[in-house]
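The values are calculated or read from the model by the stated rules, or taken from the named source; none is laboratory data. Please read these numbers as outputs of a predicted model, since none were measured by experiment. Don't worry about glycine lacking a Cβ; one is built from the backbone with ideal geometry, like all the others, and counts go over all protein chains shown. Keep in mind that these areas ignore ligands, DNA and RNA; they rest on the heavy atoms of the full protein, side chains included. Shrake-Rupley method; radii C 1.70, N 1.55, O 1.52, S 1.80 Å.
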Amino acid sequence: KIVNSRYDKFRQINRFLEFIEDILPRLDRSRESVILDFGCGKSYLTFILYYYLTEIKKMKVSITGLDLKADVIKKCNEIAKNYGYNSLNFEIGDISLYKPHFRVDLIITLHACDVATDYAMYHAIKLHSKYLLSVPCCQHEINNQIKKSSSFLASYGIVKERMSALLTDTIRAKLLEYSGYNVDILEFVDFDASPKNLLVRAKYTGNSNAKALDEVKQILDEFKIDQTLYKLLFKSSN
């Protein structure tokens with residue numbers, strides 16, 4: 001039985017598993033699949049995902065959760081040990097400083113705050129992660145840059161906030177396309193369950209879309225803004 005105050009989280013996690021289910025047929029069942037959960041927090045999703053894949057789907061997986069909070073990570077590792085989840089590990093770390101040097105099949109982020117989502121996407125691109133599932137959260141970066149003079153849509157606070165979030169996710173999706181991913185932006189949960197209800201789903205194909213980068217530059221120039229994933233990609237290439 002689910003505690004009433006946690007029911008929205010329950011719905012979100014189960015909805016996320018539905019998206020996981022969609023990509024399972026494309027993972028190589030003959031070997032261990034490697035999954036990174038950036039900004040795992042208390043790891044409700046991480047534990048259920050591990051259980052779902054290993055106990056229900058009988059898959060070989062290795063999952064690593066990363067978060068900044070040492071006490072939370074310690075607790076998660078204790079729980080994993082108690083359940084005998086030997087291929088589930090939690091590490092203390094800043095996504096922006098994390099340097100994985102191994103093959104990754106899937107990167108997930110559920111409400112990684114603000115630019116933490118950009119760093120997760122950057123790692124996915126650099127590691128050529130086969131899949132990325134990301135539900136962004138707290139997109140303040142562009143909202144803080146846009147001035148009322150940029151667009152009449154910026155005249156009203158709540159409209160400006162939502163426009164900024166949509167611009168952010170569009171820029172991210174286009175940069176993923178430029179980097180060789182096939183990208184969809186989908187409704188994650190009903191808006192009444194969470195206002196952060198868009199999910200970015202990306203599959204690596206290796207086919208770069210050059211036009212997507214031109215479209216990003218046009219948006220950045222039009223609104224006179226900068227964006228973290230863009231800076232990460234083109235700072236690192238210089």
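Among Ile63, Ile95, Ile23, the residue with the largest mean-square fluctuation in a Gaussian network model of the chain, with springs joining Cα atoms closer than 10 Å, is Ile23. Highest GNM mean-square fluctuation, the chain, Cα pairs closer than 10 Å: which of Ala112, Ala173, Ala210? Greatest mean-square fluctuation among the candidates belongs to Ala210.
Taking the Cβ of Thr54 as the center, what net charge do the other residues with Cβ under 13 Å away carry, scoring Lys and Arg +1 and Asp and Glu -1? Before the final figure, lay out the partial values.
Details: positive: Arg29, Lys57, Lys58, Lys60; negative: Glu32, Glu55.
Neighbour charge sum, excluding Thr54 itself: +2.
A dipole drawn for the range 115-174 from +1 and -1 charges on Cβ atoms has a positive end, and of Ala120, Ile158, Thr170 the residue lying farthest that way is Thr170.
If only the Cβ of Lys and Arg carry +1 and only the Cβ of Asp and Glu carry -1, the dipole of the range 1-142 around its Cα centre is close to 480 debye. Dipole orientation for the chain: of the candidates Leu186, Pro25, Ile146, Pro25 has the Cα lying most toward the positive pole (charges on Cβ; Lys, Arg +1; Asp, Glu -1).
Projected label points at Glu21 and Ile158, each 7 Å from Cα along the beta carbon direction, are separated by 3.4 nanometres. Structural descriptor for the chain: relative contact order 16 percent, calculated from alpha carbon pairs under 8 angstrom and at least 6 residues apart. Span-like helix check, the chain: qualifying full DSSP H segments, with Cα axial length of 15 Å or more and mean Kyte-Doolittle of -1.0 or more, are 7-23, 70-82, 116-127, 157-178, 210-223. Given the pairs Lys42/Lys130; Lys81/Lys174; Lys203/Lys224; Lys99/Lys147; Lys99/Lys217; Lys81/Lys235, which are separated by over 32 angstrom at their Cα positions? Beyond 32 Å between Cα atoms: Lys81/Lys174; Lys99/Lys147; Lys81/Lys235.
What percent antiparallel are the DSSP beta bridges of the chain, to the nearest 5? Don't jump to the answer; show the numbers that get you there.
On the way: 11 of 31 bridges.
Rounded to the nearest five, the antiparallel share is 35 percent.
Surface composition of the chain: carbon plus sulfur atoms contribute 51% of the solvent-accessible area (1.4 Å probe, protein chains only, all chains present).
Result for the chain in a Gaussian network model with C-alpha springs under 10 Å: among Val135, Val72, Val115, the largest mean-square fluctuation is at Val72. About the centre of its Cα atoms, the range 26-69 shows a dipole size close to 160 debye [charges on the beta carbon of Lys, Arg (+1) and Asp, Glu (-1) only; nearest 20 debye]. Entry comment: accessible area of the range 68-196 is 51 Å² per residue, from protein heavy atoms only and a probe of 1.4 Å. Taken about its Cα centre, the chain carries a charge dipole of roughly 380 debye when the Cβ of each Lys and Arg holds +1 and the Cβ of each Asp and Glu holds -1.
Per-residue ellipticity at 222 nm for the chain, helices alone: DSSP H runs ≥ 4 residues times -39500 (n - 2.57), over residue total, nearest 500 deg cm²/dmol?
Result for the chain, helices only: -13000 deg cm²/dmol.
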